[in-house]
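The values are calculated or read from the model by the stated rules, or taken from the named source; none is laboratory data. Keep in mind the model is a prediction, meaning the values are calculated, not measured. Note that each Cβ is placed from the backbone with ideal geometry, even for glycine, and that neighbours are counted across all protein chains shown.
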Amino acid sequence: MGMKIITQIRQMQAESNKLRHQGKKIGFVPTMGALHEGHLSLIRQARLENDVVVMSIFVNPIQFGPEEDYQTYPRDFSRDEELAKDGGVEIIFYPAVEEMYPQELLTFVNVERLTDGLCGKFRPDHFRGVTTVVAKLFNIVKPHRTYFGQKDYQQAVVIKHMIEDLNFDIELVIVPIVRDSDGLALSSRNTYLSQKERASALVLSKSLQQAKELLDSGERHSKNVISRMNDLIKGEKLARVQYIEIVDSQTLEPVEIVEKEVLIALAVIIGKTRLIDNMVLKYN
Ligand code: AMP
């Protein structure tokens, strides 16, 4: 069977109804395209656990702020199509903006509190845009399982809470961060980086590695860990820290003393490109 490309919501819903009627398990991977190994790793995991893999490609306008990169976000559908096919995707759901938002949108899904800190502080309305489009996609694709990357850790926690709060009958699977061999977390936005910026961007993963070493050697004060990370990043002249936080991995509330499971997360602006990275660590 060849890969199907579906652009109409009605047709996607009909396809999913048919698959469900046949008893097939549907695994769903939402993306904004510009596919890389991170996306392919989600697809691989979905293939292992389901009968059919649906991937959506939709650059969602309502999750971008007015000063952000909606217009310039990398788009290359024919390349994505090839990668998806080789990765074993059965259906690409690829709607136009007018298909997803045919009238003024008056209904939004908003997950409170979990979206206040970390990226939410610097991207107001971003998570509202994400949860709203993901809720729509869940109603269109009707998956049994959905796959999100740990790369966007806060997003995954927010979606998990939305699934529980709104009783979506969907299992969320979180897939580990895929990195280049030098440590840089893969991101569609890495394509914005010049060669020099690409080299500077290594400070994100390096600072996380340094944080881990400090914690492994007994440091427990978040303040000290964050300050050492800041010092390292200050050494890169193309890099500017937006935030570095150490939070409880479940509640995303900042912790002063590192115990139990924490998330260390940061956003750094390299030139004009905003990059994020994180690490989850557990101590006693
Ligand atoms: P995006 O296309 O950037 O919206 O990402 C689509 C999905 O791929 C999200 O669940 C991301 O968390 C995930 N993803 C992006 N980059 C990576 C990565 N380097 N490793 C694992 N998952 C990723």
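Hey, can you tell me all the residues within the range 173-204 that are within 11 Å of the ligand (Cβ to nearest atom) and part of a helix (DSSP H, G or I)?
If the condition is that a residue be within 11 Å of the ligand (Cβ to nearest atom) and part of a helix (DSSP H, G or I), then S188, R189, N190 are the ones that fit.
Taking the range 157-172 on its own, how many of its residues are within 15 Å of T146 (Cβ to Cβ), of a type in the set (D, E, K, R) and part of a helix (DSSP H, G or I)?
2
Search the range 141-156 for residues that are within 18 Å of Y94 (Cβ to Cβ) and outside any strand (DSSP E or B) and pair each with any residue that is more than 10 Å from the ligand (Cβ to nearest atom) and of a type in the set (D, E, K, R) when their beta-carbon atoms are under 8 Å apart and the residues are at least 6 apart or on different chains.
Hits for this filter: K142/R20.
Considering only the range 17-44, state which residues are touching a Gly at 6+ places or on another chain (Cβ under 9 Å) and more than 10 Å from the ligand (Cβ to nearest atom).
R44
Quickly run through the range 146-172 and pick out the residues that are touching a strand residue (DSSP E or B) at 6+ places or on another chain (Cβ under 8 Å), within 13 Å of the ligand (Cβ to nearest atom) and aliphatic (A, V, I, L, M).
Those that are touching a strand residue (DSSP E or B) at 6+ places or on another chain (Cβ under 8 Å), within 13 Å of the ligand (Cβ to nearest atom) and aliphatic (A, V, I, L, M): A156, I159, L172.
So that you can scan it fast, the table gives a plain yes or no per residue for (1) assigned to a loop (DSSP other than H, G, I, E, B); (2) farther than 26 Å from I43 by Cα; (3) small (G, A, S); (4) not assigned by TED's automatic domain parsing to the domain that holds Q155:
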{"position": "Y70", "(1), (2), (3), (4)": "yes, no, no, no"}
{"position": "D86", "(1), (2), (3), (4)": "no, no, no, no"}
{"position": "Q103", "(1), (2), (3), (4)": "yes, yes, no, no"}
{"position": "L106", "(1), (2), (3), (4)": "yes, yes, no, no"}
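Take R20 and decide whether it is more than 28 Å from H126 (Cβ to Cβ), touching a residue at least 40 places away in the same chain (Cβ under 8 Å) and among the charged types (D, E, K, R).
For R20, the condition - more than 28 Å from H126 (Cβ to Cβ), touching a residue at least 40 places away in the same chain (Cβ under 8 Å) and among the charged types (D, E, K, R) - is met.
Only one of D51, D69 is surrounded by 14 or more Cβ atoms within 10 Å (Cβ to Cβ), within 16 Å of the ligand (Cβ to nearest atom) and at pLDDT 95 or above. Can you tell me which?
Being surrounded by 14 or more Cβ atoms within 10 Å (Cβ to Cβ), within 16 Å of the ligand (Cβ to nearest atom) and at pLDDT 95 or above holds for just one of D51, D69, which is D69.
Output the residues belonging to the range 263-284 that are without any contact (Cβ under 8 Å) to a residue 40 or more places away in the chain and either among the basic types (K, R) or in contact with a helix residue (DSSP H, G or I) (Cβ under 7 Å, 6 or more places away or on another chain) (or both).
K282
Going through G27, G117, G38 one at a time, which residue ends up being part of a helix (DSSP H, G or I), in contact with a helix residue (DSSP H, G or I) (Cβ under 9 Å, 6 or more places away or on another chain) and at pLDDT 95 or above?
G38
Going through the range 177-188 one residue at a time, which ones are surrounded by 17 or more Cβ atoms within 10 Å (Cβ to Cβ) and of a type outside the set (A, V, I, L, M)?
Answer for the range 177-188, where residues must be surrounded by 17 or more Cβ atoms within 10 Å (Cβ to Cβ) and of a type outside the set (A, V, I, L, M): S187, S188.
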